[in-house]
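The values are calculated or read from the model by the stated rules, or taken from the named source; none is laboratory data. Bear in mind that the values here come from a model prediction, so they are computed numbers and not experimental data. Note that each Cβ is placed from the backbone with ideal geometry, even for glycine, and that neighbours are counted across all protein chains shown. For the accessible areas, the whole protein counts, side chains as well, though only heavy atoms, and no ligand, DNA or RNA atoms are used. Shrake-Rupley method; radii C 1.70, N 1.55, O 1.52, S 1.80 Å.
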Amino acid sequence: MTREEMLSDLAYARTLAEEGRNAPLVGGSFSVLFGVLLAICYAAQWAVLTGVWPVDGDVIGYVWIGFGVCALIGSALLSARVRGMPGAAAIPNRVDRTVWQGVAIAILAVVAGTIARAIAQNDYTAPNAIVAAGFGLYGVALYATATVGGHTWLRAFAFTSWLVSCLMWYFLGEPWLYLLAAAASAVVLIVPGLVMMRREPKTVV
């Protein structure tokens, strides 16, 4: 962090303290990015599995490779955007950023393990666990951010995410779950992300 960024954050923190407000969250654009990408990929996977999109099943792999590429590029662009925002170094935003990084690593571990099992054990149902685990972890991140930052409105999205995860585990392997996952991605990632973006800090006064 540069001296100018530090002074900007200190001035911003002082403004918030004087107004009695919690620091607005600046990670909304990331939530929207991943929500949109996941909704598209889950919908595409549902369409392939059910024959709505009449293509070879291998297309699913290419869809998720495309997700990875878009996620990397999008994250790099958004990181540059968020870095300069007032309050980006505030504790709620540092916690939000850290916990979502942990969620990403945990999901990568689930992806690696289930794909390894699919290849080694010829069990191609194993990767179905990824989506169920994912929504459970999204709930953890949303709840942590809501609690640490005082943004209690996020808890409703955390509980929704956990409910979706529960359904995913119970009906694991059903093709229609991917359509549910697409809709749930919009609800628990895109919607709160848009709310956060509307509340993003613009200037220090």
* Which residues, taken from segment 22-59, are farther than 30 Å from ALA146 by Cβ and surrounded by 19 or more Cβ atoms within 10 Å (Cβ to Cβ)? -> ALA44, ALA47, VAL48
* Residues that are in contact with a helix residue (DSSP H, G or I) (Cβ under 6 Å, 6 or more places away or on another chain), at pLDDT 95 or above and outside any helix (DSSP H, G or I), drawn from segment 156-182 -> PHE171, LEU172, PRO175
* Asked: Across segment 38-88, what is the number of residues that are assigned to a helix (DSSP H, G or I), of a type in the set (A, V, I, L, M, F, W, C) and touching a residue at least 24 places away in the same chain (Cβ under 8 Å)?
  -> 12
* So which of ILE190, ILE130, ILE91, ILE107 ends up being without any contact (Cβ under 8 Å) to a residue 24 or more places away in the chain and open to solvent by 20 Å² or more (accessible area, probe 1.4 Å)? -> ILE130
* **Selection count, segment 139-155, where residues are at pLDDT 95 or above, open to solvent by less than 60 Å² (accessible area, probe 1.4 Å) and more than 13 Å from GLY193 (Cβ to Cβ)** => 3
* Structure fact -> Given (1) surrounded by fewer than 18 Cβ atoms within 10 Å (Cβ to Cβ); (2) part of a helix (DSSP H, G or I), ASN122 misses just (2)
* Name the single residue, out of those in segment 156-182 being small (Gly, Ala, Ser) and within 18 Å of the chain's Cα centre (by Cα), that is surrounded by the fewest Cβ atoms within 10 Å (Cβ to Cβ). => ALA156
* **Failed item in (1) over 18 Å from VAL195 (Cβ atoms); (2) of a type in the set (Lys, Arg); (3) modelled with pLDDT under 95, with ARG117 passing the rest** => (3)
* To do: Using the structure shown, decide if VAL69 is open to solvent by less than 70 Å² (accessible area, probe 1.4 Å) and more than 20 Å from LYS202 (Cβ to Cβ).
  => no
